[in-house]
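Please read the structure below before turning to the comments.
Computed from the coordinates by the stated procedures, all read-outs in this text should not be read as laboratory data. The structure displayed is predicted, hence computed values, not measured ones. Positions of Cβ are generated from backbone atoms using ideal geometry, with glycine treated the same way; all protein chains shown enter the neighbour counts.
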Amino acid sequence: MLVFKVKKAICAVCCTIVAAPLAFSYPANEPEGESSLKLKTVVLDAGHGGKDPGAPGQTSSTSEKHIVLSIAKKLGNRIVQAYPDVKVVYTRDKDVFVELNQRANIAKKNKADLFISIHCNSNSSKSPYGASVHILGQNSSNQSNKGDYFDKSMSVARRENSVMLLEDDYKTKYQGFDPDSPESIISHSLMWSANYESSLMLAAEMDAQFHEAPFRKSSYTGIHQDVFYLLWATNMPAVLLELGFLSNPTDFKYLSTESGQNQVADKLFNAFKNYKSYYEGSMNFEQNAVIQPAPAAESIPESYYAIQIMGLGRGLKASDPAFKGLEVKAVKASDSSVYKYVTAWSADRTAVLSALEKVKIKFPEAFIVKVTGDNVKRD
């Protein structure tokens, strides 16, 4: 059983990840008639590149940009060999600097089902060690973190996003995203919630691997919610990985050597394999059939309250294990591709509020919404 633990953001000394103007892909050989509902495309993003070396290594050839590119390629090769029907797209396959928005656009243009961004960490001290996984989060789910989440994490976000300042005309290209503004980061909260569950599931698989050799568990190990532009802009299940500290001799040894990188790639592939199995299992539903029918017209008014537990770009059967036994229905606007899954619906907001605490046991990020027709608005 996987245990989900979400920790507060850490202070990574790692500049923002980079992507190439052109995507480098290995096309899938999909059999005729193969279901279009499978996980078909994964984008692997090797952080940094070109004029952005990332975290320093002991030599220029062992800086972060070179190490993560090597590991990304090793992971991609394992995916292609095991799953010929999966298309692997690299945001860069050589040492080039590419802009942030281009990286996100590569993922969206390829209609990727999954985005994995690979990084290494660093610190002024040689002591810190360990790997961590990051997903887009609105606030910390760690109950021990009672402080202002954005206040604690904004310095990390600024550092990770700072590479956009190296780009020409960055104010125009990144309009709508202000790395200094928490309000900007959470303004697309529904987009965030649509991919939260899938991102968390992949993060849990990665975190499980980070507890095994060659990785070493530390205070940094765990699932962190962060506000990185990349995770915000791709609008799909996505994780950002910090594979260890290049400033730590032991971490550096396995991250910079061929044997160590192969071990790391094996672990990342195991996580991908487990996630793929979950993802495709959740796709087991009847074509053109969205979960159970809505209640009869006389049993619920046109406008009502409910608890939204997730949003996905696909319809699921009512029996899907992703719903964890809850009675759920989907609401989808005609002009949207996202199914918003709600439970505990009622015309009485007080009744819905009383159910929220129990729902949050299974879905910590659940929240109350008001549904009018096919329109869902956070209440």
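So here's what we get for this one:
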quantity	calculated
Nonlocal amide H pairs with H224, under 5 Å, H built at 1.01 Å	K7, V133, H134, I135
Neighbour cut-off at most 15 other Cβ (10 Å), DSSP loop, trypsin sites (Lys or Arg not before Pro), the stretch 319-379	K324
Projected label distance in nm at K109 and S127, using a 7 Å step from Cα toward the beta-carbon	4.6 nm
Sites T62 and D348, calculated FRET efficiency, Cβ-Cβ separation with R0 56 Å, nearest 0.05	0.35
S259/K377 FRET efficiency (R0 51 Å; Cβ-Cβ; nearest 0.05)	0.45
Whole-Hz ³J(HN,Hα) from phi, Karplus 6.51 cos²θ - 1.76 cosθ + 1.60, for the stretch 123-131, glycine and proline x	8, 5, 9, 7, 6, x, 8, x, 9
In order through the stretch 68-80: 3J(HN,Hα) via Karplus (6.51 cos²θ - 1.76 cosθ + 1.60), integer Hz, x for Gly, Pro	5, 5, 4, 5, 4, 5, 5, 5, x, 4, 5, 5, 5
Theoretical gain in end-to-end length, K358 to T250 [0.36 nm per residue, Cα-Cα removed]	34.5 nm
Amide H contacts under 5 Å for G244, placed H, 5+ residues apart	N121, S132
Theoretical gain in end-to-end length, S277 to E212 [0.36 nm per residue, Cα-Cα removed]	21.3 nm
Of K109/K253; K40/K94; K40/K329; K65/K126; K73/K111, those spanning more than 29 Å from alpha-carbon to alpha-carbon	K109/K253
